[in-house]
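Below you'll find the structure, written out as structure tokens, and then a few comments.
What follows is calculated from the coordinates using simple rules that are stated; it is not laboratory data. All of these numbers come straight from a predicted model, not from anything done at the bench. Neighbour counts are summed over all protein chains in view; Cβ atoms, including those assigned to glycine, are modelled from backbone coordinates with ideal geometry.
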Amino acid sequence: MSDSAWNEPSFRRANPDHDVTKPCLYVGMTGLDPDLRLDRHKAGIKANRFVQQYGVRLLPELYGCFNPMPYEAARDMEVELAIDLREQGYGVWQA
């Protein structure tokens, strides 16, 4: 996501320990190809407003090793990955 997401009060509240030298990220799960899902967010189709407004590009180096996985595992991994990334100083929005 664009670093402009940091200007949103709810994003700042969710990321009190954000290291401003690290990017702002969105963590979500999908059964679709991630490129298609990003396109749909940007088009407003079942979109997360942060991704629609601030989404820039995918970072497959952060998620590629997890794909594919069963739904239940993906649901749990979404939460764990968001927590881990926040602990590393990333600003994270999670659906």
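Multiply the residue separation of ARG13 and GLN52 by 0.36 nm, subtract the distance between their alpha-carbon atoms, and state the gained length in nm to one decimal.
The ARG13-GLN52 span can extend by a further 12.1 nm.
Farthest toward the dipole's positive end in region 3-94, which of GLY64, LEU38, PRO16, given Cβ charges of +1 (Lys, Arg) and -1 (Asp, Glu) about the Cα centre?
Toward the positive end, the furthest listed residue is LEU38.
Which value, in debye to the nearest 20, describes the size of the charge dipole of the chain about its Cα centre when Lys and Arg Cβ atoms bear +1, Asp and Glu Cβ atoms bear -1, and nothing else is charged?
Computed about the Cα centre, the dipole is about 460 debye.
Before anything else, pin down the relative contact order of the chain: Cα pairs under 8 Å, at least 6 apart, normalised by residue count, whole percent.
It rounds to 47 percent for the chain.
Report the paramagnetic label zone for MET77: residues of region 3-41 whose backbone N is under 20 Å from a point 7 Å from Cα along the Cα-to-Cβ axis.
The answer is 25-39.
Less than 13 Å Cβ to Cβ from LYS46, Lys/Arg counted +1 and Asp/Glu -1: what total charge do the surrounding residues give?
Net charge around LYS46: +3.
By the gyration tensor of its Cα atoms, with a ≥ b ≥ c the square roots of the eigenvalues, what is the shape of the chain: rounded for a/c under 1.5, prolate for a/b over b/c, or oblate?
oblate
Would you list ARG86, ARG49 from fewest to most Cβ contacts within 10 Å?
Fewest-to-most Cβ neighbours within 10 Å comes out as ARG49, ARG86.
Using each residue's phi in region 68-83, evaluate 6.51 cos²θ - 1.76 cosθ + 1.60 at θ = phi - 60° and report the 3J(HN,Hα) Karplus result to the nearest Hz, with x for Gly and Pro.
x, 8, x, 3, 4, 5, 5, 4, 6, 5, 4, 5, 4, 5, 4, 4
Cut-off 10 angstrom, C-alpha nodes, Gaussian network model of the chain. Which of ASN48, ASN67, ASN15 fluctuates the most?
Answer for the Gaussian network model of the chain: ASN67.
Hey, in the GNM for the chain with a 10 angstrom Cα cutoff, which one of TYR71, TYR26, TYR54 fluctuates hardest?
The residue that fluctuates most here is TYR71.
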